[in-house]
Amino acid sequence: MLLCRDGRFFGTIGGGELEGICIARARELLAGGPDYALLRFDLTASQAAAAGMICGGVVQVLLQRLEPAEETVKFFQSLTEAFAEGSSPVLLTLMPQDLAPQLLMYVPGGRSGPDLPSGLVCELLSRLGGTNRPFTLVGDELRLHCEPLIRPDRLYLVGAGHVALATAHLAGFLGFEVIVMDDRPEFANRERFREAHEVRVIGSFDQCLAGLQTCDYVVIVTRGHLHDQEVLAQALRTGAGYIGMIGSRRKRDALYAALRREGFADPDFLRVHCPIGLPIGGESPEEIALSIVAEMQQFRYKKPA
């Protein structure tokens, strides 16, 4: 969570009384005095409920004042550049015992690693291989908080009709980076898709997907079976993690039969969610979009059906 001197803030640490206490203490730090403070909260379930939080437990919050010094500005510029280049940098906060925290950056695959004890570096590399979520490591008289900076999951919405519009809205609300594409400018435009990261008006659907990775999602909601078939074939040739296609089982079976003649096989079709969405009921575009995004969330967090 970032708190500015002018009172603006970005992000949250959970809300409720705990966040209020931290904001008040952070304002004191911004006014002068120590550069940092480490606060500890021990909350029972009843105390957490009374404070407006979801659950209890032990919470530690590090408050750190960042001044616009040249060194600090350059550090965050380097971090931003590495992130923009797709390097997935890791923001490291080194917390030696009784000393001010130190900000470090580690870029996986970079030429040099962080200046840390070798045992801590080995543990850091081991943990980074299995998670993209923040974690803390404890070494001799120091702690290291690690925050992998990864781009948001990206959703490619192929088709810009009513279902796509509702899906883009819900997916964007849940943190997906939404890219909309259609060959109809009256549908694929900024006036309709204000919250999308990108809106593409394409010449045709036959070459609209390429280079997708496991963190990418494809939702196929074009206006016709032929376009769906073209897009599905492209999606299956990529590494996209989630591929969903709207339509009935009858439509699905017909498209699969056509794609088998192009060389695709049953293992390919196991990657496809069709009919798309969880069976939650409802037939309006908004209800269909809710079922689609619910299934994407289920896939995102690897929850069983």
Check: If only Cα atoms are counted, what is the Rg of the stretch 134-213, and what is its Dmax, in Å?
Finding: 18.2, 62
Check: By a straight-distance test (C-alpha under 13 Å), which aspartates and glutamates pair with Lys251 as possible cross-link partners, with residues fewer than eight away in the same chain excluded?
Finding: Asp228
Next item on the list: Using θ = phi - 60° and the Karplus relation 6.51 cos²θ - 1.76 cosθ + 1.60, list the HN-Hα couplings for the stretch 174-185 in order, rounded to whole Hz, with x at every Gly or Pro.
Entry: 8, x, 6, 8, 9, 10, 9, 9, 6, 8, 10, x
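For the stretch 93-162, which trypsin sites (Lys or Arg not before Pro) pass both filters: DSSP loop (anything but H, G, I, E, B) and at most 16 other C-beta atoms within 10 Å? Don't skip to the end; give the middle numbers.
Values: sites: Arg111, Arg127, Arg143, Arg154; in loops: Arg111.
Those satisfying the criteria are Arg111.
So if the hydrodynamic radius of the stretch 83-223 is defined as the Kirkwood radius over C-alpha pairs, what does Stokes-Einstein give as its diffusion coefficient at 4 °C and 1.567 mPa s, in µm² per second? Spell out each step's value before the answer.
Details: Rh = 17.7 Å.
For these conditions, the coefficient is 73 µm²/s.
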Item checked: Inter-centroid distance (Cα atoms) of the stretch 1-41 relative to the stretch 216-280, Å -> 48 Å
Check: Kirkwood-based Rg over Rh for the stretch 162-284 (C-alpha set), two decimals?
Finding: 0.94
Next item on the list: Could you go through the stretch 284-292 in sequence order and give the Karplus-derived ³J(HN,Hα) for each residue, using 6.51 cos²θ - 1.76 cosθ + 1.60 with θ = phi - 60°, rounded to whole Hz, and x for Gly and Pro?
Entry: 6, x, 5, 6, 5, 4, 4, 5, 5
Note to self: Sort Lys251, Lys303 by heavy-atom solvent-accessible area, probe 1.4 angstrom, most to least.
What the structure shows: Lys303, Lys251
Next item on the list: Heavy atoms only, probe 1.4 angstrom, no DNA, RNA or ligands counted: give me Thr44, Thr214 ranked by accessible area, highest first.
Entry: Thr214, Thr44
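Over 16 Å, how big is the tail of the calculated P(r) for the stretch 243-287, in percent of all Cα pairs?
Working: 413 of 990 pairs.
For the stretch 243-287, the fraction of Cα-Cα distances above 16 Å is 42 percent.
What is the local net charge at Gln64, summed over the other residues whose Cβ is closer than 12 Å to its Cβ (Lys, Arg +1; Asp, Glu -1)?
Details: positive: Arg25, Arg65; negative: Asp35, Glu67.
In short, 0.
Once the convex hull of the C-alpha atoms of the chain is built, how many Å³ does it hold per residue, rounded to a whole number?
It comes to 193 Å³ per residue, whole-number rounded.
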Notebook entry, point to check: Considering amide H positions built from the backbone, and no H for Pro or chain starts, which residues 5 or more places from Gly139, or on another chain, come under 5 Å of its amide H?
Noted result: Leu144
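Could you please put His227, His162 in sequence from largest to smallest accessible area, using a 1.4 Å probe? List each step's numbers first, then the result.
On the way: His227 45, His162 125 Å².
So the residues, ranked largest to smallest area, are His162, His227.
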Notebook entry, point to check: How long is the gain from Ala37 to Asp266 if the chain were fully straight, where each residue apart is worth 0.36 nm and the alpha carbon distance is subtracted?
Noted result: 76.7 nm
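State the three equivalent ellipsoid semi-axes of the stretch 198-252, derived from the C-alpha gyration tensor as the square roots of 5 times its eigenvalues, in descending order and whole Å. Don't skip to the answer; put the middle values down first.
Values: eigenvalues 61, 44, 19 Å².
Taking √(5λ) for each Cα gyration eigenvalue gives 17, 15, 10 Å.
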Check: Once amide H atoms are built 1.01 Å from N in the peptide plane, which residues 5 or more positions from Ile243, or in another chain, come under 5 Å H to H?
Finding: Val218, His273
Check: In whole percent, what relative contact order does the chain give with Cα contacts below 8 Å and a gap of six or more residues?
Finding: 10 percent
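Please report the equivalent ellipsoid semi-axes of the stretch 183-227, computed as sqrt(5 x eigenvalue) of the Cα gyration tensor, largest first, in whole Å.
18, 16, 10
The values are calculated or read from the model by the stated rules, or taken from the named source; none is laboratory data. As the structure is a computational prediction, the values presented were derived from the model and not from experiment. With ideal geometry, Cβ positions are generated from the backbone for all residues, glycine too; neighbour counts draw on all protein chains shown. Heavy atoms of the whole protein, side chains included, go into the accessibility calculation; ligands, DNA and RNA do not. Shrake-Rupley method; radii C 1.70, N 1.55, O 1.52, S 1.80 Å.
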